[in-house]
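First the structure, in the form of structure tokens, and then the observations on it.
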Amino acid sequence: MTQRSQETVVGRITSVFGVQGWLKVFSFTEPREGILNYHQWTLLLDGKRIPVEVINGRRQGQGIVVQLEGISDRDQALLYSGAEIHVPTEELPVLPEGEYYWYQLEGLQVETVEGECLGVVHHLIETGANDVLVVRSTEASIDQRERLVPYLPEQVVQKVDLAAGRMVVDWDPEY
């Protein structure tokens, strides 16, 4: 089993906050405060995995600030700047039918309704209006182009089959 299926990135530590070891966090969760529901994090920093425990956290302006166990001053906190925040996928809430976490869509093969392979979902981009699938070509693709496909269920995305590892889109390959 791959790491991607066991845990997912829910945010990033951006900088320190104050002098008592608090950290600023950019949360990928929706709502932003959702990251505070997870108390056991694994930080990924410079290829190292660091298990940490969140002992306090709150909304601060437009962002989130947290206090981690064992970090009590600014210099210690500074060592964690830039770390990705990972949590086990089994801790994520169950989504309603037809909704997916980004990590579930990454790696799916993307085919048109006509059965043409466009590639695989490499990652997604949040644009504000709608999320966008970044589809990168594979050897099975009709060409070697990277495509940006809007993630619009029922309009563009016709079917997501996680078990088969595939997504069907109503998308012109010329785009």
Inset, instruction - For segment 64-100, name all the residues that are within 13 Å of Val52 (Cα to Cα) and acidic (Asp, Glu). - result: Glu69, Glu84
Legend entry - Residue among Tyr80, Tyr175 that alone is closer than 29 Å to Asp46 by Cα, aromatic (Phe, Trp, Tyr) and in a loop (DSSP other than H, G, I, E, B): Tyr80
Legend entry - Qualifying residue in segment 56-64 (condition: over 18 Å from Ser27 (Cα atoms), touching a helix residue (DSSP H, G or I) at 6+ places or on another chain (Cβ under 6 Å) and at pLDDT 95 or above): no
Legend entry - Unique residue being exposed (fewer than 13 other Cβ atoms within 10 Å of the Cβ), among the aliphatic types (A, V, I, L, M) and either in the same structural domain as Gly11 (by TED's automatic domain parsing) or more than 29 Å from Gly11 (Cα to Cα) (or both) when the list is Ala140, Ala129: Ala140
Legend entry - Subset of segment 75-126 that is touching a residue at least 40 places away in the same chain (Cβ under 8 Å) and small (Gly, Ala, Ser) - its residue that is surrounded by the fewest Cβ atoms within 10 Å (Cβ to Cβ): Gly98
Inset, instruction - Search segment 144-163 for residues being exposed (fewer than 11 other Cβ atoms within 10 Å of the Cβ) and over 21 Å from the mean Cα position of the chain (by Cα), and hand back the single one that is farthest from Glu99 (Cα to Cα). - result: Gln144
Inset, instruction - Within segment 144-160, work out how many residues are in contact (Cβ under 8 Å) with a residue 24 or more places away in the chain, in a strand (DSSP E or B) and of a type outside the set (A, V, I, L, M). - result: 3
Legend entry - Hey, Lys48 surrounded by 14 or more Cβ atoms within 10 Å (Cβ to Cβ), over 30 Å from Met167 (Cβ atoms) and out of contact with any Leu (no Cβ under 9 Å at 6 or more places or on another chain) or not: no
Inset, instruction - Select from segment 130-141 the residues that are outside any strand (DSSP E or B) and over 15 Å from Glu30 (Cα atoms) and list them in ascending order. - result: Ser137, Thr138, Glu139, Ala140, Ser141
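The values are calculated or read from the model by the stated rules, or taken from the named source; none is laboratory data. Everything numeric here is computed off the predicted structure, so don't read it as measured data. So basically every Cβ, Gly included, is an ideal-geometry build from the backbone, and we count neighbours across all protein chains shown.
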